[in-house]
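> If you scroll down you'll find the structure; I have some questions about it.
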Amino acid sequence: MKNKNYIISKSHKELLIPYKPCRAKTNVMFLKTHKTASSTVLNIMFRFAERYNLTVALPADQLVHLGYPKTFLAHFVEEFEAIGQNYNIMCNHLRFNPSEVKKVMAANTFYFSILRNPIRLLESSYVYYKDNVPAFRISKDVNEFLASPMKYYHLADYKKNMYARNIMWFDFGYDNNAEDNKKYIQAVLKEIEQNFHLILISDYFDESMILLKHTLCWDLDDVIYFKLNSRSQDTVQTLTPESEEQIKVWCSLDWKLYLHFNQSFWRRIEETIGFKELEKEVNRLRTRQKELMETCLSDQEAVGKDDIKNKAFLPFQSGVANILGYNLKQDLDNMTLRTCQKMVMPELQYTSYLYTVQHPHKKRKILPLPWTSFQKTQLPNPN
């Protein structure tokens, strides 16, 4: 963890002046939005928690999300009654409810989240949730759905259809079917700015990780990642120009949310890092990532679900998406193996693993995954 003591500056005088040390923030709440590279961020958060022996606010009992899509309540967290406001990290899916989150997290907690361009997000949601969302199920493809969304999207099914419209707005705790009213939108944007210290943009993921590193005063290795929960390119549906424009209208709340925080993201980059330094640090991150991929991975890249050899590391599969995973090299030494395993561990498996570590007296989470061999396959030993 960082503890910077001296400013490096053009001024020789300033070089000699110690300043208040930059201390790594260890109380952090990440609002995990859907289809925004948030599973990769969750993996970063879980590894950080393990590295520094922090307590994670994990879903209670057999839950794998923090009550989602219900609005979050503190009792969705395992042992909240006993542990109280002493959790360090919160990052599993929840529908944001600030007053309840504050019951769980310390007063000095740093809050951040991540957004994605709604045009790319809706196409991704369509493929991933095709089988589960009534509005998606009966349309032939994403372009047919977008040609006349109200033909498929029925307000009576809004609890099952939230992935089909303004899902980020919903995740932040707001009504995803609300009217696109300028005054209302401005009020929500202001409230989000008050509740969150930082909003990242997944379309610029590496830049986001560098900004996160600077803002939290973390080290480069704290934000190194392998991309998780991504899908094979052959499942991507090509949007027509008309569909792209329609998304801006159909998901207008998400579109305005994204435009607003995309602007503030780049302002923050300029103020915190500067574009020249950003480019250098992004290159360093990518170099380090490449080194770790060469160390850990037998294929040097993500592979399709059928090519993942150890099914313990098979990500949850949904809809017609082929969610990719990784194969690790054989004969890694124990320490390297553990590091590599954690970097490729999918969200549900990592949640279950941490739950066993933090709550050994509780019944293990039985994962609702499409295979039966998980409990028998080798994951890192919690002890």
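The values are calculated or read from the model by the stated rules, or taken from the named source; none is laboratory data. Here the structure is a predicted model, which means the values were calculated and not measured. Note: ideal-geometry Cβ built from the backbone for every residue, glycine included; neighbour counts use all protein chains shown.
> Quick one: would you say VAL236 is free of Cβ contacts under 8 Å to residues at least 60 places away in the same chain and within 30 Å of VAL142 (Cβ to Cβ)?
On the way: free of Cβ contacts under 8 Å to residues at least 60 places away in the same chain: no; within 30 Å of VAL142 (Cβ to Cβ): yes.
Answer is no for this residue.
> Step by step: first the residues of region 313-333, then only those that are surrounded by fewer than 17 Cβ atoms within 10 Å (Cβ to Cβ) and among the aliphatic types (A, V, I, L, M), then the one that is modelled with the lowest pLDDT. Which residue is that?
The selected residue is VAL320.
> Just to verify a result, which residue in region 350-362, among those that are more than 14 Å from ASN92 (Cα to Cα) and in contact (Cβ under 8 Å) with a residue 12 or more places away in the chain, is surrounded by the fewest Cβ atoms within 10 Å (Cβ to Cβ)?
Out of the qualifying residues, it is PRO360.
> Take the residues in region 170-193 that are assigned to a helix (DSSP H, G or I) and aromatic (Phe, Trp, Tyr), then tell me which one is surrounded by the most Cβ atoms within 10 Å (Cβ to Cβ).
Here the answer is PHE170.
> THR71 - would you say it is closer than 30 Å to MET209 by Cβ, under 21 Å from the mean Cα position of the chain (by Cα) and surrounded by fewer than 15 Cβ atoms within 10 Å (Cβ to Cβ)?
Judged against the criteria, THR71 is a match.
> Now for a different question. I'm told LYS365 meets every condition in (1) in contact with a Phe, Trp or Tyr (Cβ under 7 Å, 6 or more places away or on another chain); (2) at pLDDT 80 or above; (3) within 20 Å of TYR225 (Cβ to Cβ); (4) of a type outside the set (Asp, Glu) except one. Can you identify the failing condition by its number?
With respect to (1) in contact with a Phe, Trp or Tyr (Cβ under 7 Å, 6 or more places away or on another chain); (2) at pLDDT 80 or above; (3) within 20 Å of TYR225 (Cβ to Cβ); (4) of a type outside the set (Asp, Glu), LYS365 is out only on (3).
> What are the residues in region 75-100 that are among the aliphatic types (A, V, I, L, M), farther than 15 Å from THR33 by Cβ and either under 17 Å from the mean Cα position of the chain (by Cα) or crowded, with 20+ Cβ neighbours inside 10 Å (or both), if any?
Selection gives VAL77, ILE89.
> Let me ask another. Is at least one residue of region 10-27 acidic (Asp, Glu) and at pLDDT below 90?
yes
> Is it fair to say PHE205 is within 30 Å of PRO346 (Cα to Cα) and part of a loop (DSSP other than H, G, I, E, B)? First the steps, then the outcome.
Numbers: within 30 Å of PRO346 (Cα to Cα): yes; part of a loop (DSSP other than H, G, I, E, B): no.
Answer is no for this residue.
Per-residue answers, yes or no, for (1) touching an Asp or Glu at 6+ places or on another chain (Cβ under 8 Å); (2) at pLDDT below 95; (3) hydroxyl-bearing (Ser, Thr, Tyr):
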{"position": "ALA49", "(1), (2), (3)": "no, no, no"}
{"position": "PHE76", "(1), (2), (3)": "no, no, no"}
{"position": "ILE83", "(1), (2), (3)": "no, yes, no"}
{"position": "SER99", "(1), (2), (3)": "no, no, yes"}
{"position": "TYR128", "(1), (2), (3)": "no, yes, yes"}
